[in-house]
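Chemist: Following this message is one structure expressed as structure tokens.
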Ligand code: MG
């Protein structure tokens, strides 16, 4: 059922440590299963997406976000003849490197690591699957296939790409030096990530009371679907929750169809026949220009009205303090970390790896234990 431009499991560039094939699963199915069984994956359930994990049971966490990205990704992959197993593996792993407390945690850790190579969550996701998971007797990490690792490393600075390239010539960082694209499956996960968070952040924003439906009627893309839904079902005016869900459902569907149609046309226009030709052909997996512009407007709205809402930024200020103070405490007293981190010689990076792996609530408990302060 796969198209010729899909990533075919039998043509995988393979794993860094060669392993015999599994009898019943292909290489990407096996990658997905390794990710699902990893420790880092289970931690996603207690990591903040936008709202702190303990603020409410129904807000998205990194785990439910990742599942939504996988669902959207698989739907689009099937329609385009792309490899659903690879899409699922990349989607489930794409946020494994996120710190506790969302972007506030990452910013704080990046500041702490400024003189030691910085901290970047994409690169950290790759570190998790390449080095930090400790589950196999013969190697560190999960030993995933090239294609899954390529999809996980969705951004990379030139400096970081050069460092990775030195360790793994012509590896997953090569494309950042060459200016080429990753597989179509990887491109799809990037876009599915944005489609997912734009939609679920509206839902969580309204649920939290920080956004209102009246405000959403000011955002053209979403307002279009709210008006359309209310015309067909006038009772929605008195059922705000259902109105929100129906509008979100319509927006998600429209965005999915838009990606499918635009990408099919782009692949045909580029005359791409194989996965490697797709890598050379520029970004093919994309929105139409009009949907891209409307989606960017929605994203700008969410930045201004939700991510920078005083109630959100106040908590994020405290979250940064937790991460900074944890960093200082472990740097001064590494024995407070688990032995495999305490014993490492690259102490700054070891502290960053240790903190990055924490769930929100473990970070808060550790912070209280080490500083006596109760924040958040
Ligand atoms: Mg994400």
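Chemist: Which value in nm describes the separation of the simple spin-label points at residue 227 and residue 288, placed 7 Å from the Cα toward the beta carbon?
Modeler: 1.7
Chemist: Further question on the same structure: Rank by packing, highest mean first: peptides 187-195, 343-351, 94-102, with packing defined as the count of other Cβ atoms within 10 Å averaged across residues.
Modeler: Details: 187-195: 23.7, 343-351: 15.1, 94-102: 26.8.
Ranking, from highest mean packing down: 94-102, 187-195, 343-351.
Chemist: Could you please rank 25, 369, 127, placing first whichever residue has the fewest other Cβ atoms within 10 Å of its Cβ? Mind dumping the intermediate values first?
Modeler: Working: 25 14, 369 10, 127 19.
Least crowded to most crowded, the residues run 369, 25, 127.
Chemist: Right, next: With the Cα gyration tensor of the chain giving a ≥ b ≥ c as the square roots of its eigenvalues, does the rule (a/c under 1.5 for rounded; else a/b larger than b/c for prolate; else oblate) give rounded, prolate or oblate?
Modeler: It is oblate, given that a/c is not under 1.5 and a/b is not larger than b/c.
Chemist: In percent, what relative contact order does the chain have, based on Cα pairs under 8 Å that are 6 or more apart in sequence? Could the numbers behind the result be given before it?
Modeler: On the way: 554 pairs, mean separation 77.2, N = 376.
Here the relative contact order equals 21 percent.
Chemist: Highest GNM mean-square fluctuation, the chain, Cα pairs closer than 10 Å: which of 218, 19, 228?
Modeler: With Cα springs under 10 Å in the chain, the top fluctuation among 218, 19, 228 is at 19.
Chemist: So what does the Cα-only Debye profile of the range 184-310 read at q = 0.09 Å⁻¹, as log10 I(q)/I(0), no solvent term?
Modeler: Those come out to -0.31, one per q.
Chemist: In whole Å, how far is the Cα centre of the range 223-285 from that of the range 132-211?
Modeler: 23
Chemist: Measuring from a point 7 Å past the Cα of residue 218 along Cα-to-C-beta, which residues in the range 260-303 have an amide N at less than 13 Å?
Modeler: 301-303
Chemist: Sticking with this structure for a sec: In the Gaussian network model of the chain, springs joining C-alpha atoms below 10 Å, which of 289, 111, 353 carries the largest mean-square fluctuation?
Modeler: Top of the fluctuation ranking is 289.
Chemist: Restricting to DSSP H runs of at least four residues, report the calculated mean residue ellipticity at 222 nm for the chain, -39500 (n - 2.57) per run over all residues, nearest 500 deg cm²/dmol.
Modeler: Values: 19 runs with 227 residues, N = 376.
It comes out at -18500 deg cm²/dmol, rounded to the nearest 500.
Chemist: Only Cα pairs within less than 10 Å get springs; with that Gaussian network setup on the chain, which residue of 86, 109, 252 has the largest fluctuation?
Modeler: The residue with the greatest mean-square fluctuation here is 252.
Chemist: If each of residue 78 and residue 239 carries a label point 7 Å out from its Cα toward its Cβ, how far apart are those two points in nm?
Modeler: Placing both labels 7 Å beyond Cα along the Cβ direction yields 2.6 nm.
Read the figures in this text as sums done on the coordinates, not as results from a lab. Quick caveat, the model's predicted, so the values are computed rather than measured. When we count neighbours, we look across all protein chains shown, and the Cβ atoms used for this are built from the backbone with ideal geometry, even at glycine.
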